[in-house]
Amino acid sequence: MSAPAFIPKNRYRRRRDYFRCFCWIAAVIIIFLLGLIIDEIFTKALPAIRHFGWHFLTSSEWRPNRDLYGVLPMLFGTAVSSLLALLLALPLGLAVALFLSENFLPRPLRQLMRMIVEMLAATPSVVYGLWGIFTLVPLVQHYGEIVVHHCGWIPFLHGPAYGNSLLTASLVLALMVLPTIAAISRASLVAIPETLREGAYALGATRWETITRVLLPYAAPGIVAASILAFGRAMGETMAVAMLIGNSQRLTLSIFSPSNTLSALLANQFSEAEGLQINALMYAAFILILLTLGTNIIGELVLRRTQRALGGGS
Amino acid sequence: MNPTSINSTELLPSSSKVTPSGVTNETFIKVINFDFFYGKKQTLFNINFAIPSKHVTSFIGPSGSGKSTLLRNFNRMNELLPGVRHEGDITIEGRSIFDASIEIIALRRRIGMVFQKSNPFPRSIYENVVFPLRIMGCHKRAHLNETVERSLRSVALWDEVKDRLGENALGLSGGQMQRLCIARAIAGQPDILLMDEPCSALDPIATAKIEELIVELKKEFTIIIVTHSMQQASRVSDLTAFFNFGKLIEFDHTNRIFTAPIEKQTEDYITGRFG
């Protein structure tokens, strides 16, 4: 069975096989590395897990000198700072996404704006932290005192007001997750078929009505996914938060008080930790990685379902 | 090249002393010396004609002949695109639609539009139909319900969907979706209905239904339909305008266009020699 002369031998086949092999190895290494990291953290955390069990999550004592460890204040700080950041960034990010997806601006200007927003994501965390220390901290301190003076009776706003506080960290986090929200929301807005926009305009809808009644409902699942991914990013964000949140291990309910997050706790304590404290930090790291991984997986699932729905719906 | 069949004094087909359906043939929409440009490219050249009310007028012509472009000028949809401009004028009942005192939103509420591809909003059937009323600020339940029933009956969709008005409109079949879009377009009781190749994505049965509908709807609306199907134009329309290369070549009663066209180009097109 010799091949007809006009079909040449497949000279690329061997090269293609090598490449496929290389890709497989790379993929396996990535999965292996992730598994290795989680395993390492879990193993190092195991003494603390055995020692404290679930109590680790519900205790608000973090006293290295007495070997007492509990991360409730950090869990609370992580959740509140991320939620607050999301609350601040969502309206702004959505506005940016709309501004960059609808024809408010001529196209070249739109591209430029998009690049600038994406540059926010490329700014190193420590730079945000530094900016926060010298700009935001005095501002929050100043206005915080005013708010506490007038509205201190409202829950979460009681004093005294500190510059290095939950609010300061949330503000910087909001800025840092803004590009995530804007980019993913924009993608889901751009994916809306042009015929829907035209349909709304042709019925005499204003731009506002078109956006609020047709575009946003259509893009809602994508916006939800954007929020979840942004939340995940805010939870894991470390450097800027560690520089601004005040690193207090006490559980306080005011946004003007110093607080702490899991990630900031790790960044601040690993260098001087020894003995059981290392295991406790590893336990905290294990919780953090579960939280961020979980959030990201949920976000990705929502996003994928959205894309499938958009693809099938049209 | 001139639209010779048009009587210049009344801008109506020369033979239209009595219009086919016997109703009043007063001029409703008038296009006067109309030029249109996308950026530097001119796509419509000196269009002049008048469309009577309560008739079906079809626009035929090869792709790129400018028929859709002209259609989208009647409700100023072209203005959503960057870099477009026009010269000349279009009037409806004697008033220029480009007049500074005309509010574009109000204009579009008087003119319903049905698109090539059905575009129901991803909401319930009910909410799709009442969309024009909602944006006009009407929230009276009784009036909304009545409009839904009336509009869906007009497009012969009521019996098919009356038990599932709350379901998502995207679950309907292609033909049903397009009829829903027509119902939505007429829910706000416009005067004019623009249809941009409304059947091009539909099967023959769904197409036949829409065509029946068009004949029925002309009792209430002035209908302008862009179509690639000459059979469709001859079946549904009273008047036909033939466009080529951005020019109006001929405008006349549909049966005259298809039986005794004056222009050579028209004849070539309808006999399938090009296009």
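The values are calculated or read from the model by the stated rules, or taken from the named source; none is laboratory data. Owing to the predicted nature of the structure, the values given are computational and were not obtained by experimental measurement. All Cβ positions, glycine included, derive from the backbone under ideal geometry; neighbour counts span all protein chains shown.
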Identity of the residue in region B:181-215, of a type in the set (Asp, Glu) and within 12 Å of the chain's Cα centre (by Cα), that ends up nearest to B:Val114 (Cα to Cα)
B:Asp196
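For region B:181-218, how many residues are part of a helix (DSSP H, G or I) and within 14 Å of chain A (Cβ to nearest Cβ)? Spell out the reasoning first.
Step one: filter region B:181-218 for residues part of a helix (DSSP H, G or I), giving B:181-187, B:204-217.
Subset that is within 14 Å of chain A (Cβ to nearest Cβ): B:181-187.
So the count comes out to 7.
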Filter region A:107-134 down to residues that are within 14 Å of chain B (Cβ to nearest Cβ) and basic (Lys, Arg) and give me whichever is farthest from the chain's Cα centre (by Cα).
A:Arg107
Residues of region B:171-195 being over 18 Å from B:Lys54 (Cα atoms) and not hydroxyl-bearing (Ser, Thr, Tyr), which ones?
B:Gly171, B:Leu172, B:Gly174, B:Gly175, B:Gln176, B:Met177, B:Gln178, B:Arg179, B:Leu180, B:Cys181, B:Arg184
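Would you check if B:Phe242 is in contact (Cβ under 8 Å) with a residue 24 or more places away in the chain, among the aromatic types (Phe, Trp, Tyr) and touching a Ser or Thr at 6+ places or on another chain (Cβ under 6 Å)? It would help to see each step written out before you state the result.
Details: in contact (Cβ under 8 Å) with a residue 24 or more places away in the chain: yes; among the aromatic types (Phe, Trp, Tyr): yes; touching a Ser or Thr at 6+ places or on another chain (Cβ under 6 Å): yes.
Yes, satisfied.
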With the checklist (1) buried (at least 18 other Cβ atoms within 10 Å of the Cβ); (2) out of contact with any Ser or Thr (no Cβ under 7 Å at 6 or more places or on another chain) in hand, flag the one item B:Thr254 doesn't pass.
(2)
Condition first: farther than 22 Å from B:Ile192 by Cα, aliphatic (A, V, I, L, M) and facing chain B (nearest Cβ under 10 Å). Now tell me which residues in region A:201-214 satisfy that.
A:Val214
Answer yes or no as to whether B:Ala185 is of a type in the set (Gly, Ala, Ser) and either surrounded by 24 or more Cβ atoms within 10 Å (Cβ to Cβ) or in contact with a strand residue (DSSP E or B) (Cβ under 6 Å, 6 or more places away or on another chain) (or both).
yes
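Would region B:104-123 turn up any residue that is away from every other protein chain (no Cβ under 11 Å) and among the hydrophobic types (A, V, I, L, M, F, W, C)?
Step one: of region B:104-123, the residues away from every other protein chain (no Cβ under 11 Å) are none.
Checking region B:104-123: not a single residue is away from every other protein chain (no Cβ under 11 Å) and among the hydrophobic types (A, V, I, L, M, F, W, C).
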Scan region B:88-100 and tell me whether some residue there is within 25 Å of B:Phe242 (Cβ to Cβ), within 11 Å of another protein chain (Cβ to nearest Cβ) and hydrophobic (A, V, I, L, M, F, W, C).
no
In a loop (DSSP other than H, G, I, E, B) and surrounded by fewer than 17 Cβ atoms within 10 Å (Cβ to Cβ): does that describe A:Asn65?
no
Please find, among A:His158, A:His150, the residue that is away from chain B (no Cβ under 14 Å), in contact (Cβ under 8 Å) with a residue 60 or more places away in the chain and not basic (Lys, Arg).
A:His158
Using the structure shown, decide if A:Glu198 is within 11 Å of another protein chain (Cβ to nearest Cβ), among the acidic types (Asp, Glu), surrounded by fewer than 17 Cβ atoms within 10 Å (Cβ to Cβ) and out of contact with any Cys (no Cβ under 6 Å at 6 or more places or on another chain).
no
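Quick grid of which residues meet (1) surrounded by fewer than 18 Cβ atoms within 10 Å (Cβ to Cβ); (2) at pLDDT below 90; (3) of a type in the set (Asp, Glu):
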site: B:Ser8; (1), (2), (3): yes, yes, no
site: B:Ser14; (1), (2), (3): yes, yes, no
site: B:Pro20; (1), (2), (3): yes, yes, no
site: B:Asn48; (1), (2), (3): yes, no, no
site: B:Pro52; (1), (2), (3): no, no, no
site: B:Pro62; (1), (2), (3): yes, no, no
